[in-house]
1. Output the residues belonging to segment B:112-143 that are acidic (Asp, Glu) and not in a strand (DSSP E or B).
2. Going by the structure shown, is B:Asp158 surrounded by fewer than 20 Cβ atoms within 10 Å (Cβ to Cβ) and at pLDDT below 95?
3. Looking for whichever is surrounded by 13 or more Cβ atoms within 10 Å (Cβ to Cβ) and acidic (Asp, Glu) here; the options are B:Glu362, B:Glu373. Which one fits?
4. Filter segment B:323-336 for residues that are away from chain A (no Cβ under 14 Å) and surrounded by 22 or more Cβ atoms within 10 Å (Cβ to Cβ) and give the result.
5. Which residues, counting only those in segment A:83-122, are without any contact (Cβ under 8 Å) to a residue 40 or more places away in the chain and surrounded by 14 or more Cβ atoms within 10 Å (Cβ to Cβ)?
6. Is at least one residue of segment B:258-274 charged (D, E, K, R) and either more than 21 Å from B:Leu316 (Cβ to Cβ) or touching a Lys or Arg at 6+ places or on another chain (Cβ under 6 Å) (or both)?
7. So, A:Pro4, is that one of a type outside the set (Val, Ile, Thr), in contact with a His (Cβ under 8 Å, 6 or more places away or on another chain) and more than 12 Å from every other protein chain (Cβ to nearest Cβ) or not?
8. Looking at segment A:91-129, which of its residues are within 14 Å of chain B (Cβ to nearest Cβ), outside any helix (DSSP H, G or I) and modelled with pLDDT under 95?
Amino acid sequence: MAYPTDRKYTKQHEWVKVVGQQAAVGITDHAQEALGDIVFVELPKVGADLTAGNSFGTVESVKAVSDLYAPVTGTVTEINADLATSPEKVNKDPHGSWMLKMSLRNAGEIGDLLSAAAYEQFVAEEGGN
Amino acid sequence: MSSIETSPGSPPATVRKTALNAVHRQMGAKMVDFNGWDMPVEYPASIGCGVINEHMAVRTGVGIFDVSHMGDIRLAGPQALAAVQYISMNDASKLVVGQAQYSALLYPQGTFVDDVIVHRLGEDEYLLVINAGTREKDFSWVRDNTRQFDCAVENLSDDFTQIAIQGPKAVDLLQKMTSADLSAVKFYWVTRGDILVLDHSMRHHFGNTLIARTGYTAEDGFEIYVPSDEATSALVWNRLLEVGKEFGVVPCGLGARNTLRLEGKLPLYGHEISDTINVWEAGLDRFCKMDKPEFVGRAALEKAKTDGVKRTLVGLEMTERGIARDGYKVMDEGGREIGYVTSGSPAPFLKKNIALAYVPPEFGSVGGTVKVEIRGQGVGAQVVPTPFYKRPKKA
């Protein structure tokens, strides 16, 4: 698939969409497809400090629990309350279902992340295709 | 995201495969190593599958499962019944030809070698269907513990492709593929019939196929035992999917198999039953006939009964947000560890998060509250009656 170019990606299959000094975070289509039916999303509280590369929550399918990793460093400003009652939205619209929004401590971190094309390639290589 | 498993083109050389392995992979199923077997967990969302859809199909329509990884042991001979009676805790003398029963093979300590379905196929012929992970262990156990009986013990596990057809519409689907009268086959009875598979150029006719009205989903359904060559297996599987279209059939993997059996409180070896758990703890009293002749494990069970159980298997329903999973600790309201979850998962039909757990008997009363430790936090749960789900009685 062609991944949206309005955002960056991580090797942990998260996406980050930057608007000014805020970033919206979610998981990619590849991630939701690999997970299967998502039944539970555990997110941090507003005000929580996140460090790039550290786990900030979990996403659960019927069979398994997977960690979510902070793509950048900052503070949580908003969480998507919808996902508490309708976690399946992440399956239906992974790129439209943001999980949390956060302030950016260090805008330079975004540069280290993957472009849509680079992420596509990463997924293709990881799958052994 | 941590550890997403993608499905490579073919399984590692050392893993075991059923005859339908290539079919599952070709359908795009997500595969997993289950006790050394390369098995489908779920089929793709793009063909209307996925654990939840597969689960719901079995509860409302029909689903098919490849369960060929399970094992088959045949006992035949003049003392076949005596042999079965000695190793199996239920009373096989109650079975007439064509009848089956749930039972278990026990160690002398009264703990489980495996659970089993005992089928009486003939006057002196019994078929034990056992778990995938315990095939070799069970066969050795059965053979070694029945030497004193005039009875042949054969391992037929590789001879069959076993397909489960489960759900309220299972009978409608299978009836279209056999001339055997399935309405005459009651639940937990078996028959032999043909499986008719018509395709463009040839009429395939597998006569004398074992058809059992058994299953592991807490629904009505059948398990059929067809020849295990890849061509036959694929033919039957694909034909079931084709004929079943009008009933909304979906292929189902181990993911749905687990959520379905959990809702029905059906035990899974290595979880609710094992070599360290006895019959009374597991709550399987009604399948254990202490008043029949001597069987392996009986003496230990007598003693365990007088000693009283130290733990009991209970059903839990999460009352606070969170999913209890296999192995999670169970705590009392004060946070003291009292037991553990044997199996836990979301229940797709019930739309709750449920679990089975071992706790001391004093915590086993329905309505009692406990906590389940989920990633360091105690999350509220309540003891509920089991089974969590019972299929509706036919009108």
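1. Just the residues of segment B:112-143 that are acidic (Asp, Glu), to begin with: B:114-115, B:123-125, B:136, B:138.
Residues satisfying the conditions are B:Glu123, B:Asp124, B:Glu136, B:Asp138.
2. Details: surrounded by fewer than 20 Cβ atoms within 10 Å (Cβ to Cβ): yes; at pLDDT below 95: yes.
So B:Asp158 passes the test.
3. On the way: B:Glu362 fails: surrounded by 13 or more Cβ atoms within 10 Å (Cβ to Cβ).
None of the other options fit; the residue is B:Glu373.
4. First, the residues of segment B:323-336 that are away from chain A (no Cβ under 14 Å): B:329-336.
Residue satisfying the conditions is B:Val330 alone.
5. Those that are without any contact (Cβ under 8 Å) to a residue 40 or more places away in the chain and surrounded by 14 or more Cβ atoms within 10 Å (Cβ to Cβ): A:Ser86, A:Lys89, A:Arg105.
6. We begin by selecting, within segment B:258-274, every residue charged (D, E, K, R); these are B:261, B:263, B:265, B:272.
Cutting the leftovers down to either more than 21 Å from B:Leu316 (Cβ to Cβ) or touching a Lys or Arg at 6+ places or on another chain (Cβ under 6 Å) (or both) gives us none.
No, because not a single residue in segment B:258-274 is charged (D, E, K, R) and either more than 21 Å from B:Leu316 (Cβ to Cβ) or touching a Lys or Arg at 6+ places or on another chain (Cβ under 6 Å) (or both).
7. yes
8. Those that are within 14 Å of chain B (Cβ to nearest Cβ), outside any helix (DSSP H, G or I) and modelled with pLDDT under 95: A:Gly127, A:Gly128, A:Asn129.
The values are calculated or read from the model by the stated rules, or taken from the named source; none is laboratory data. Not measured: the values here are computed from a predicted model. FYI the Cβ positions are ideal-geometry reconstructions off the backbone, even for glycines, and counts take in every protein chain you see.
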